[in-house]
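First comes the structure, then the notes that go with it.
No lab work stands behind these numbers, since they all come straight from the coordinates. In this text, all values refer to a predicted model and were calculated from it rather than measured experimentally. For neighbour counting, all protein chains shown are included, and Cβ atoms are generated from backbone atoms with ideal geometry for every residue, glycine included.
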Amino acid sequence: GTRIWNYTTGSAVASSPAVADGIVYVGSNDNNIYALDAAMGTVVWNYTTGGDVVSSPAVADGVVFVGSYDKKMYALNATSGAHLWSYTTLDKVISSPAVADGTIYFGSYDHLVYAVGASSSSPQTYEVLFAASGLPQGTSWTVTFNGQTKNSTSDTMVFNVPNGVYSFAITSPDDYTAFPSSGTVTVNAANVYQQITFTSTIQDFPWLLVVSLSVGAVLLALAITAFV
């Protein structure tokens, strides 16, 4: 046969490819799952896991299922590569999944065979932790995140969301400003830490101290004079 194209990954490829709707899906020992255009060999998307991907993907109903050495079975959107959910076992997953009647079947090095619902699994969520500094203990502050508003008098506030890009806004207590006061955070298969620093808007005026010292000196002088 004549070679049409080849694509170089970052390490060995032990995974067997799956082909669906003109896209080739294959894993690599560089921790990635690749989606390649079947005609051209160009990358459509790639998704990075936490370990080698020796497992061969299975594609069903627009979802790619594939295991990784990081102990997880992944479900990825076949078109975009977006992380839909993952299921964690007790050891690496090099088994190639089989899909039938809405269920994924696969094995793990933990000696177990798993049957997991292909579409019933809820998307995995991750923590977005907001940490405040600069406020007196017990001061209330407010975060609006992904349409949800929370108040807290502690130093931290936590939200749980699946992968995505989310906006936030901070409501400062009286006499304080927050930095940043708004912005976005990106959740990509990991917890996110967002520091919020509060600064007092009340300024200390040195001349008040000078006046106070001057008045004190005058009063002291008068007291000494009266005593003499």
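Of the residues ASN146, ASN77, ASN32, the one that moves most in a GNM of the chain with alpha-carbon contacts below 10 Å is ASN146.
Each of HIS83, HIS111 was scored by other Cβ atoms within 10 Å of its Cβ. Arranged with the fewest first, they read HIS111, HIS83. Each Lys or Arg adds one and each Asp or Glu subtracts one; over the other residues with Cβ under 11 Å from the Cβ of ALA189, this totals 0. Note on the chain: with a GNM built from Cα contacts shorter than 10 Å, the maximum mean-square fluctuation among LYS150, LYS71, LYS92 falls on LYS150.
Helical runs assigned H by DSSP (4 residues or longer) give the chain a calculated mean residue ellipticity at 222 nm of -3500 deg cm²/dmol, each run adding -39500 (n - 2.57) before division by the residue total.
Which whole-number percent gives the relative contact order of the chain, counting Cα pairs below 8 Å spaced six or more residues apart? Result for the chain is 10 percent.
Would you look at the GNM of the chain, springs on alpha carbons closer than 10 Å, and say which of VAL63, VAL13, VAL26 moves the most? Its mean-square fluctuation being the largest, the pick is VAL13.
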